[in-house]
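See below for the structure under consideration.
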Amino acid sequence: MRAPFYEFGAFGSGTALVVALIVGAAFGWCLEQSGMGSARKLVGQFYLTDLTVLKMMFSAIVTAMLGAFWLGRVGLLDLTRVYVPETWVLPQLAGGAIFGAGFALGGLCPGTSCVAAASGRGDGMALVAGMFGGVLVTGLGFRFLERFYDVTARGTFTLPQALHLPYGAVVALVTGVALVAFRAAEYVEGRHAA
């Protein structure tokens, strides 16, 4: 059987929702167990004292990327059926800047704030409330943002397209960058620990 299973009709919408709930709960549990629900741990990223977030994110990216690449190569995953979100360069850069500012101010990102809230932390609950408030304000004021939202549309724009390189070369390149980043993170953390 080939993946993505939902795309090929291996199960329906109800099962997909149950699988999503199980995967989401497991992901949240893993975040909490690794300390990612603590704003104190996450702000270490900005002070260069604890680069766990960088290492965790690169680990997730490289694992998913290598998994998708090799599963596609051996014919178990049809990469043409994997959803790739569309790209709007300027709106997404603006959103990334807002996300980064919120992360720096609150000490938690959207996922980790949900984990913190679920484990009863007040800062997590405040940030989740702020997220929902931001979504509500954006939704109510979207007509004022709509023109900006539609600028610099690039469609389903991927890194291999941007770099004009084959998919396998980009996989190797990103893996190499991740390995260098892991080593640099260990060096930076070691300097601050000394």
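The values are calculated or read from the model by the stated rules, or taken from the named source; none is laboratory data. These numbers were taken from a predicted model, which means no experiment stands behind them. When we count neighbours, we look across all protein chains shown, and the Cβ atoms used for this are built from the backbone with ideal geometry, even at glycine.
So which residues in region 31-41 are part of a helix (DSSP H, G or I) and touching a residue at least 60 places away in the same chain (Cβ under 8 Å), if there are any at all?
Selection gives Leu31, Glu32, Ala39, Arg40.
Say whether the condition of being more than 30 Å from Gly67 (Cβ to Cβ) and touching a residue at least 24 places away in the same chain (Cβ under 8 Å) is met by at least one residue in region 155-170.
There is no residue in region 155-170 that is more than 30 Å from Gly67 (Cβ to Cβ) and touching a residue at least 24 places away in the same chain (Cβ under 8 Å).
Would you please name the residue that is surrounded by the most Cβ atoms within 10 Å (Cβ to Cβ), looking only at residues in region 6-33 that are farther than 30 Å from Val188 by Cα and in contact with a helix residue (DSSP H, G or I) (Cβ under 6 Å, 6 or more places away or on another chain)?
Filtering region 6-33 for residues that are farther than 30 Å from Val188 by Cα and in contact with a helix residue (DSSP H, G or I) (Cβ under 6 Å, 6 or more places away or on another chain), the one surrounded by the most Cβ atoms within 10 Å (Cβ to Cβ) comes out as Tyr6.
Just wondering, is there one or more residues in region 31-50 that are among the basic types (Lys, Arg) and more than 21 Å from Ser113 (Cβ to Cβ)?
No, because not a single residue in region 31-50 is among the basic types (Lys, Arg) and more than 21 Å from Ser113 (Cβ to Cβ).
Restricting to region 80-126, what's the tally of residues that are assigned to a helix (DSSP H, G or I) and either touching a residue at least 40 places away in the same chain (Cβ under 8 Å) or among the small types (Gly, Ala, Ser) (or both)?
Summing the residues that are assigned to a helix (DSSP H, G or I) and either touching a residue at least 40 places away in the same chain (Cβ under 8 Å) or among the small types (Gly, Ala, Ser) (or both) in region 80-126 gives 26.
Exactly one condition in (1) surrounded by 14 or more Cβ atoms within 10 Å (Cβ to Cβ); (2) within 14 Å of the chain's Cα centre (by Cα); (3) under 30 Å from Ala153 (Cα atoms) is false for Met36; which is it?
Failed condition: (3).
Identify, from the list Leu51, Leu71, the residue that is farther than 30 Å from Arg147 by Cβ, in contact with a helix residue (DSSP H, G or I) (Cβ under 6 Å, 6 or more places away or on another chain) and modelled with pLDDT of 90 or more.
On inspection, the qualifying residue turns out to be Leu51.
Report whether or not Val151 is of a type in the set (A, V, I, L, M), part of a helix (DSSP H, G or I) and in contact (Cβ under 8 Å) with a residue 24 or more places away in the chain.
no
Which condition does Ala60 not pass, out of (1) in a loop (DSSP other than H, G, I, E, B); (2) loosely packed, with under 12 Cβ neighbours inside 10 Å; (3) among the aliphatic types (A, V, I, L, M), if it passes all the others?
(1)
When the residues of region 99-143 are narrowed to those that are more than 14 Å from Val43 (Cα to Cα) and among the charged types (D, E, K, R), which ends up surrounded by the most Cβ atoms within 10 Å (Cβ to Cβ)?
Arg121
So Ala3 clears everything in (1) surrounded by 14 or more Cβ atoms within 10 Å (Cβ to Cβ); (2) under 27 Å from Val177 (Cα atoms); (3) over 18 Å from the mean Cα position of the chain (by Cα); (4) touching a residue at least 12 places away in the same chain (Cβ under 8 Å) except one condition, right? Which one?
The number of the failed condition is (2).
Out of Gly44, Gly28, Gly24, which single residue is in contact with an Asp or Glu (Cβ under 6 Å, 6 or more places away or on another chain) and either in a helix (DSSP H, G or I) or free of Cβ contacts under 8 Å to residues at least 24 places away in the same chain (or both)?
Gly44
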